[in-house]
1. Could you check residue 175 against (1) out of contact with any helix residue (DSSP H, G or I) (no Cβ under 6 Å at 6 or more places or on another chain); (2) surrounded by fewer than 15 Cβ atoms within 10 Å (Cβ to Cβ) and say which number it fails?
2. List pairs: first residue in segment 68-91 and under 21 Å from residue 253 (Cα atoms), second residue surrounded by 11 or more Cβ atoms within 10 Å (Cβ to Cβ) and acidic (Asp, Glu) anywhere in the structure, Cβ distance under 7 angstrom, at least six positions apart or on different chains.
3. Looking at segment 136-157 only, could you name the residues that are modelled with pLDDT of 95 or more, out of contact with any helix residue (DSSP H, G or I) (no Cβ under 9 Å at 6 or more places or on another chain) and in a loop (DSSP other than H, G, I, E, B)?
4. Which residues, counting only those in segment 261-289, are within 13 Å of residue 314 (Cα to Cα) and assigned to a helix (DSSP H, G or I)?
5. Taking the options 219, 229, name whichever one is out of contact with any Gly (no Cβ under 8 Å at 6 or more places or on another chain) and among the hydroxyl-bearing types (Ser, Thr, Tyr).
6. So which of 324, 275 is modelled with pLDDT under 95 and either under 26 Å from residue 172 (Cβ atoms) or out of contact with any Phe, Trp or Tyr (no Cβ under 9 Å at 6 or more places or on another chain) (or both)?
7. Residue under question is residue 104, and the condition is that it be farther than 21 Å from residue 252 by Cα and not in a helix (DSSP H, G or I); does it hold?
8. Among the candidates 63, 80, single out the residue that is buried (at least 17 other Cβ atoms within 10 Å of the Cβ), of a type outside the set (Val, Ile, Thr), farther than 20 Å from residue 133 by Cα and in contact with a His (Cβ under 8 Å, 6 or more places away or on another chain).
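The values are calculated or read from the model by the stated rules, or taken from the named source; none is laboratory data. Remember, it's a predicted structure, so these values are computed and weren't measured experimentally. Glycine gets a Cβ as well: all are built from the backbone with ideal geometry, and neighbour counts include every protein chain shown.
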Amino acid sequence: MKNISRKILLATLIAGSTAMTALIPATASAAPPAKQATQVPGFYRMVLGELEVSALYDGLVVLDQKLLKGASATDIQSLLARMFVETTKGMQTAVNAYLINTGGNLILIDTGAAKCFGPTLGVIGGNIRAAGYDMAQVDTVLLTHLHGDHACGLVAADGKPAFPNATVYVAKEEAAFWLNKDIAAKAPQDAQPYFKMAQDSVAPYLAAGKLKEFDAGATILPGVVSVSTPGHTPGHAGYLFSSAQQQLLVWGDIVHSHSVQFARPEVAIDFDFNSKQAIASRKKVFADAAKKKLWVAGAHIPFPGIGHVRAERKGYAWVPVEFSPLPGKP
C-alpha cells in the first residue's frame, strides 16, 4: 500500500508541475522588444548663483573639416582623431541655445535655425516646452550674431514672432552690417541669402518696435553685460551673466570645433567674416575664461556646451560640465 500511495503522490506532483509549467509565459522564445528610435529631450539644467540655466539643443549640422584653416590638413585630422571625432561624412557639430531664468526675466540667448538649414535643426521650441517653459514666457532674446542658425528661430512658420512677448537685442555693429540694404545688395551672390535670413528673422520685431541695438560692453539687464567678440561676424557678441559671485559667459561662435580650436586657437573657419579678428577674439576669451575660471557656454560645442576652459602648456583644453542633480534635489 505504501508503494501505491507513493506512486499516486508522485503522479499528482508531476501532473501539478506540468499544469503550472503550462501557465508560465514562454518568454525564452519571444521576440525582443523593438528598438526605440528617439533620443531624450534636448535640455540640460544647472543652477549658477541665483540663476537657472537651461541648455537647449536645436540639432546638428555636419561640417567639412576642410573649412578649418590655419593648420595643415594632417594636423587637423590628427586633432580630430585624438578626440575620436568621426569625419568620414564630415564633423558632427551641435547647435545650442541657452535659456536663463534670473527670477525677474526669462532670457533666451540665440534661437536656433528653425527650418533655414534643413531637417536636422529647428527643435528649440519643443525643447523649451520639454524644459518646462513656453515660448510666450520668454521676455528677452539676446542674439550673439545674425547668422541663420542663431536668428532664424525668431520667426514661426506663419511668419509671426515665435516669441511674441520678447524684446530682441543685437549689437549695433551687427545690425549695421546685416540689416543694411545697400551692403546686402553689393554682397556676393552666394552671400545674399544670409542677409535675407537675418533681415527676415528680425522683421516682425523691428516692425513692432521690439528690436533693440546696444553698444559694445553695454549692460543689457541687471547682471547681464555684453562682451564684444568681433571677427566671426562684424558685431559678434557674448553675454556675461553674474550672480552670487559666479559668472557664466555665453560666447556664441567663439569655437566651431572643440577638437581643434582649443588646442590650436589660431585655427579659423571659412565662415569667419574676418579670420584675423576672430582668432584674436578667441585667444582673448580663452585667456580670460581660463584665468577667471568662468563657466562658459558655446553654441557649437557638444551638447550641453557648458564647461570651463583650462590653460595648457600650449593652447587650451575644454572641460565639460559634469551631470549633477539641481541643488536641493535627490
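1. The failed condition is (2).
2. Filtered contacts from segment 68-91: 69/270; 70/266; 90/64.
3. Passing the criteria: only 139.
4. Initially, segment 261-289 is screened for residues within 13 Å of residue 314 (Cα to Cα), giving 261-266, 283, 286-287.
261, 283, 286, 287, listed by residue number.
5. Just one listed residue meets the conditions, 219.
6. Values: 275 fails: modelled with pLDDT under 95.
After ruling out the rest, the residue left standing is 324.
7. Details: farther than 21 Å from residue 252 by Cα: yes; not in a helix (DSSP H, G or I): yes.
Criteria met by residue 104.
8. Working: 80 fails: in contact with a His (Cβ under 8 Å, 6 or more places away or on another chain).
Result of the check over 63, 80: 63.
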